[in-house]
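Only the coordinates and a few stated rules stand behind these numbers; no lab work does. Everything numeric here is computed off the predicted structure, so don't read it as measured data. Glycine gets a Cβ as well: all are built from the backbone with ideal geometry, and neighbour counts include every protein chain shown.
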Amino acid sequence: MMPSMTNTPKTQSTTPATDDVVFDPAEVSRVVSLVRHELSVLAQDAKRKRPLYAKSVDEAVARRNASFKALTEFASHLDSMKRT
């Protein structure tokens, strides 16, 4: 069987390796502020009689609760990472 004459380009990952990433405290602060803002927006939306980002009050409350649960689980995951 003859080899294929077409050249298939090798794909390279654009994601940097974990060791190559430089830790930037300012970026961490920015992300934490962004998360705080987004949670505040969801909490405020859940308090409205006519939510802006949800179809109903029940949906707004569910979104707020789900986001808080996700953040709590993420914090627990980070805590477990530092203990291992």
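Fewest-first ordering of ASP20, ASP45 by other beta carbons within 10 Å of each residue's beta carbon gives ASP20, ASP45. The gain in end-to-end length when the VAL57 to ARG83 segment is fully stretched comes to 5.4 nm, 0.36 nm per residue minus the alpha carbon separation. Compared with the alpha-carbon gap, the fully stretched path from GLN44 to PHE23 is longer by 4.3 nm at 0.36 nm per residue.
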